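The values are calculated or read from the model by the stated rules, or taken from the named source; none is laboratory data. Bear in mind that the values here come from a model prediction, so they are computed numbers and not experimental data. Because the Cβ atoms are built from the backbone with ideal geometry, glycine has one as well, and the counts that use them run over all protein chains shown.
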Amino acid sequence: MIENSGVTIKPPPALKLPLNVPSKLLLGPGPSNCPKRVLNAASMQMLGHLDEDFVKIMDEVKTGIQYAFQTTNKMTFAISGTGHCAMETAICNVIEPGDKLLIASSGIWGDRALEIALRNGAKCQQMIIPVDEVFQLEDLKKAVTFFQPQVIFICHGDSSTGTAQPLADIASYLKELECMVIVDCVASLGSVPIFMDKWGIDILYSGSQKILNAPPGLSPISFSPKGMKKIKLRKTPVSSFYMDALLIGNYWGCDDQPRKYHHTAPINLVYCLREALAILVEETLEKCWERHQSCAEKLWKNLKDIGLELFIPDEVNRLPSVTTVKIPFQRNGLEVTQCIKKRFAIDIAGGLGQTAGKVWRIGLMGCNCNEENVSKVINALQECLKATTMKSSL
């Protein structure tokens, strides 16, 4: 043993104990529970980040993302990072200092896009609408005509508000625009239809930990040929080396050039995403969409039946994967969610951003989206509303 090693910080006692992770049903806005098949993939043996067998798995992941996004884009891969990293990658690759970005989203993800774009030197305009509504085609047309942006950011499914922004109706208009169209589908992919190519989306990104039921840490993303042209014609370098789409795309084999080392991918997370996408392929997108819509409608009805009010008044604007329900008057929302967690081992969440303190957010995502879980969360809400106290009006 080395004497006088200089070590003064003692080994932490907690790390001498076995890891203890309690079992909980995650019915919040994400992350969601992982199927055993996905968890088992995480325990498979490590491969090198440029090993030919790992490269084959990367290629399989690419085809799975193309299916989920409904795109033939070659520049399709998974960012080594969460949804925020994908958002930043999308923005920093097509925004140069002085470019104009129009943000067609009033929830927290529009706020985050604004923050990222400003840090990249963009001039930004945010469309302001009530957080329980979505923007209409005429609103978008007026904003584009007035602001003349180079890039538009749209959040398809906003997990902070529970809105699903209709895109099919504005798709023909989007395809006519010369500017780039970025769409965030982190909370919507797999729960509602989205067609990247058909709808004229230039950059689409999502996350691994929501409807796909994989661990957090990877984010599917795809760039259209129009988007790639914009990147290649930049006058300035992409502000981030780590998030440079051309460099990452080469590592993922998207440019028909020999793969070069860019970073070490989270190998086992790639395994997990591969299995998550395989599960989606086996179910098919159509059946996955139908299941999420059916379970969401049952949840909405049951919430009303127990006297609760949904935050999004218009059903067509509700996100099936994340339902927002108003916290009743004189109720402590946090006290109720803590009761549900303690008594039923179920996680639901409070609001975020402008909805903080106003709503509960209930997630039905991927394998967690079934009628049994709808019944469980309704029962938990009923019991904990009875068990918790009302605030004094004095």
Does Ser172 meet the test of being in contact with a Pro (Cβ under 7 Å, 6 or more places away or on another chain), outside any strand (DSSP E or B) and not aromatic (Phe, Trp, Tyr)? no
Look through the range 177-228, keep the residues that are among the charged types (D, E, K, R), out of contact with any Lys or Arg (no Cβ under 6 Å at 6 or more places or on another chain) and touching a residue at least 12 places away in the same chain (Cβ under 8 Å), and return whichever of them is farthest from Met75 (Cα to Cα). Lys210
Scope the range 96-123; condition under 14 Å from Ile182 (Cα atoms) and either out of contact with any strand residue (DSSP E or B) (no Cβ under 6 Å at 6 or more places or on another chain) or not in a loop (DSSP other than H, G, I, E, B) (or both); matching residues: Lys100, Leu101, Leu102, Ile103, Ala104, Trp109, Gly110, Arg112, Ala113, Leu114, Ile116, Ala117
Expected output for the range 251-270 (first residue under 16 Å from Gln66 (Cβ atoms), partner among the basic types (Lys, Arg) and surrounded by 11 or more Cβ atoms within 10 Å (Cβ to Cβ), Cβ below 6 Å, 6+ apart or cross-chain) is Gly253/Arg259; Cys254/Lys74
Would you be able to say whether some residue in the range 63-74 is aliphatic (A, V, I, L, M) and within 30 Å of Gly162 (Cα to Cα)? yes
Can you tell me how many residues within the range 123-136 are surrounded by 14 or more Cβ atoms within 10 Å (Cβ to Cβ) and either within 21 Å of the chain's Cα centre (by Cα) or modelled with pLDDT under 95 (or both)? 8
Confirm whether Asp197 is within 25 Å of Val270 (Cβ to Cβ) and surrounded by fewer than 24 Cβ atoms within 10 Å (Cβ to Cβ). yes
Could you please give the count of residues in the range 338-390 that are surrounded by fewer than 19 Cβ atoms within 10 Å (Cβ to Cβ), in a loop (DSSP other than H, G, I, E, B), touching a Cys at 6+ places or on another chain (Cβ under 7 Å) and modelled with pLDDT of 95 or more? 1
Within the range 69-79, does at least one residue satisfy the condition of being farther than 17 Å from Leu273 by Cα and at pLDDT below 95? no
Counting only residues that are β-branched (Val, Ile, Thr) and in a loop (DSSP other than H, G, I, E, B), which one in the range 243-286 is nearest to the chain's Cα centre (by Cα)? Thr284
Mind checking whether some residue in the range 104-121 is of a type in the set (Phe, Trp, Tyr) and either more than 22 Å from Pro29 (Cα to Cα) or without any contact (Cβ under 8 Å) to a residue 60 or more places away in the chain (or both)? no
Please indicate, with yes or no, whether at least one residue in the range 146-157 is over 17 Å from the mean Cα position of the chain (by Cα), part of a strand (DSSP E or B) and crowded, with 23+ Cβ neighbours inside 10 Å. yes
For the range 235-277, how many residues meet the condition of being of a type in the set (Lys, Arg) and closer than 30 Å to Lys36 by Cβ? 1
One residue from Val21, Val38 being at pLDDT 95 or above, closer than 30 Å to Ser160 by Cα and more than 23 Å from the chain's Cα centre (by Cα): Val21
Give me the residue from the range 280-308 that is among the hydrophobic types (A, V, I, L, M, F, W, C) and under 11 Å from Ile378 (Cα atoms) and, out of that set, surrounded by the fewest Cβ atoms within 10 Å (Cβ to Cβ). Ile306
Any residue at all in the range 44-52 that is within 25 Å of Cys254 (Cα to Cα), outside any loop (DSSP other than H, G, I, E, B) and at pLDDT 95 or above? yes
Counting only residues in the range 256-277 that are charged (D, E, K, R) and modelled with pLDDT of 95 or more, the one surrounded by the most Cβ atoms within 10 Å (Cβ to Cβ) is identified as Glu275
